[in-house]
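A quick write-up on the structure given underneath.
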Amino acid sequence: METPTAVVQQMKVNLLGMSRKKMEEYLTSIGEKPFRAQQILKWIHHSGVDNFDEMTNLGKPLRAKLQELAEIRPPTVVKQLDSIDGTRKWAVEVGGNNLVETVLIPDGQRGTLCVSSQVGCSLDCSFCATGKQGFMRDLTASEIIGQVWLAIKSYDGFNSGNKRIVTNVVMMGMGEPLLNFDNVVEAMSLMLDDFGYGLSKRRVTLSTSGVVPMLDKLGDISTVSLAISLHAPNDELRNQLVPINKKYPIAVLLEACQRYLDKQEDTHRVVTIEYTLIAGVNDSLDHAKELAEVLRNLPCKINLIPFNPFSLSNYARPSKNAINRFWLALTEAGYVTTVRTPRGDDIDAACGQLAGQVQDRTKRSERHRQRAELEQPIRLV
Ligand code: SAH
Ligand code: SF4
């Protein structure tokens, strides 16, 4: 049975995910001066403090008031896995037996954190482990920014003064960030804020499979870098791989990308086109040529992601030769093209392998399991 204290605690306001503006509004609403927001934000996001008693530049009465009304509650890490290549993955508990995953990919001076935005995903792309899990719910802003907080904490980055453990954030974990718009925008504003994590707009990237109306809305208020999960050069193929294409086809999506760029002050910005290469599906020379043609008018660079296998999927990663052939065709067509090296695949932390644990409300995971079983080739021994 729940104690009365537990009930009171549940009602406390979590300050972890509040942007500067929200925090100022909150302080005003409890009769405090809004400038205190800057001090509190610094304690939380610069010093990693989750206890009001440690906020020594706040007066005792304010600390006591906050103690009573509010809390700083990061999500709970239930598992941490380290890959032989230095990649670290956390499974984070977000209530109701649900887990989401966060991955840190260290690379020289850089540390890229791959952050989740939803528990599962409703969009059901055919090559994505998260999609196969179905959808449970959106993460709160605290649960999103909490992943950055936890990652830095995990390396003792706050105490050592080394927040540079996370130099880049990519919204490429579980979920479709544009379908959790408000919370993602709130969390990203903390990533960019000097009183938060102070990352430059080039180092915070939102990846989307193409929710066009939300992309337009994002362009009106945000300056973060944009990555588009394209994966196919024509609508017929993209309809199969990325079902949301039936609603917002390639031409419509690419126009929205151009509008996003047009809204940015800085004229040199480009969109990153992500293209997961799947053997025999979208990796032929003709596909590469068609892609080069389709992207002709958009300022972009291309990131090729060799497919990362997971159970329940019948797709395969192309051969090195096929990947090189695709890369070369795009490079020769004048595109800056990179091939993403799979990182952390020994701990299932590579792109598309994040599955966490989702209490699926759509019952899609069950359908997929049954279908995958039916589709299993019969093995002759
Ligand atoms: N929902 C967003 C962000 C999360 S997916 C989006 O779709 O953009 C992050 C990236 O990983 C996307 O480009 C996605 O298409 C890619 N991805 C998904 N499954 C993959 C897999 N099995 N192998 C390689 N890349 C994958
Ligand atoms: Fe969702 Fe992105 Fe996976 Fe598609 S690729 S199912 S949009 S997480």
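For the peptides 334-347, 274-287, 226-239, what is the packing order when you average, over each peptide's residues, the other Cβ atoms within 10 Å and list the highest mean first?
Packing order, densest peptide first, comes out as 226-239, 274-287, 334-347.
Assuming R0 = 22 Å, what is the FRET efficiency of residue 50 and residue 202, from their Cβ-Cβ distance, to the nearest 0.05?
With a Förster radius of 22 Å, E is 0.15.
Restricting attention to the stretch 23-112, which chymotrypsin sites (Phe, Trp or Tyr not before Pro) occupy a DSSP loop and are surrounded by at most 14 other Cβ atoms within 10 Å?
When the chymotrypsin sites (Phe, Trp or Tyr not before Pro) of the stretch 23-112 are filtered for loop state and at most 14 Cβ neighbours within 10 Å, 35 remain.
If one takes the longest principal axis of the Cα atoms in the chain, at what angle in degrees, from 0 to 90 and to the nearest 10, does the Cα axis of helix 250-263 lie?
40 degrees
Please name which of 338, 211, 323 has its Cα lying farthest along the dipole of the chain towards the positive end, using unit charges on Cβ (Lys, Arg +1; Asp, Glu -1) and the Cα centre as origin.
So the residue we want is 338.
Say R0 is 41 Å: what FRET efficiency, to the nearest 0.05, do residue 85 and residue 39 get from their beta-carbon distance?
The pair residue 85/residue 39 has a calculated efficiency of 0.55.
Sort out for me the Cα centre separation of the stretch 99-119 from the stretch 20-61, rounded to whole Å.
27 Å
How many nm is it between the label spots at residue 30 and residue 341, if each spot is 7 Å from the Cα in line with the beta carbon?
With each label point 7 Å from Cα toward Cβ, the separation is 4.7 nm.
Based on the mean of other Cβ atoms within 10 Å per residue, sort peptides 260-266, 208-214, 308-314 so the most packed one is first.
Going by the mean number of other Cβ atoms within 10 Å, highest first, we get 208-214, 308-314, 260-266.
For residue 42, which lysines qualify as cross-link partners when the Cα separation must be under 23 Å and same-chain residues fewer than eight apart are set aside?
12, 21, 22, 33, 60, 65, 153, 163, 201
Let me spell out the model: positive unit charges on the Cβ of Lys and Arg, negative unit charges on the Cβ of Asp and Glu, origin at the Cα centre of the stretch 4-71. What dipole size does that give, in debye rounded to 20?
The calculation lands at about 220 debye.
Per residue of the stretch 219-233, in order, report the coupling 6.51 cos²θ - 1.76 cosθ + 1.60 (Karplus, θ = phi - 60°) as ³J(HN,Hα) in whole Hz, putting x for Gly and Pro.
After applying 6.51 cos²θ - 1.76 cosθ + 1.60, I find x, 6, 10, 10, 10, 5, 6, 10, 10, 10, 7, 8, 6, 7, x Hz.
Determine ³J(HN,Hα), in whole Hz, for all residues of the stretch 266-282 in sequence, where each value follows from phi through the Karplus function 6.51 cos²θ - 1.76 cosθ + 1.60 and θ = phi - 60°; x replaces Gly and Pro.
Per residue, the Karplus-derived 3J(HN,Hα) values read 7, 7, 8, 7, 10, 9, 8, 9, 9, 9, 7, 8, 10, 4, x, 10, 9 Hz.
Using helices alone, what [θ] at 222 nm do you get for the chain, with -39,500 (n - 2.57) per DSSP H run of 4 or more residues, divided over all residues and rounded to the nearest 500?
-10000 deg cm²/dmol
Can you find, among 139, 160, 120, the residue farthest towards the positive end of the dipole of the stretch 76-375? Put +1 on the C-beta of Lys and Arg, -1 on that of Asp and Glu.
Working it through, the farthest residue towards the positive pole turns out to be 160.
Taking the Cα atoms only, what angle lies between the long axis of helix 20-29 and the longest principal axis of the chain, rounded to 10 degrees?
Tilt relative to the chain: about 30 degrees.
What residue among 258, 38, 109 has the largest mean-square fluctuation in a Gaussian network model of the chain, using Cα springs under 10 Å?
Looking only at 258, 38, 109, the biggest GNM fluctuation is shown by 109.
If amide H atoms are built 1.01 Å from N in the plane of the peptide, which residues on other chains or at least 5 residues away come under 5 Å of the amide H of residue 107?
Hits under the 5 Å cutoff: 112.
What is the calculated FRET efficiency for residue 60 to residue 251, with r their C-beta to C-beta distance and R₀ = 51 Å, to the nearest 0.05?
0.25
Please say if the stretch 4-71 is rounded, prolate or oblate, where rounded means a/c under 1.5 for a ≥ b ≥ c the square roots of the C-alpha gyration tensor eigenvalues, and otherwise the choice is prolate for a/b larger than b/c and oblate otherwise?
It comes out rounded by the Cα gyration axes.
Looking only at Cα atoms, what is the convex hull volume of the chain per residue, in Å³?
Taking the convex hull of the Cα positions in the chain, it is 165 Å³ per residue.
Can you give the charge dipole size of the chain about its Cα centre, rounded to the nearest 20 debye, using +1 on the beta carbon of Lys and Arg and -1 on the beta carbon of Asp and Glu?
200 debye
Each value in this text was obtained by applying a stated rule to the coordinates, not by laboratory testing. Please read these numbers as outputs of a predicted model, since none were measured by experiment. Don't worry about glycine lacking a Cβ; one is built from the backbone with ideal geometry, like all the others, and counts go over all protein chains shown.
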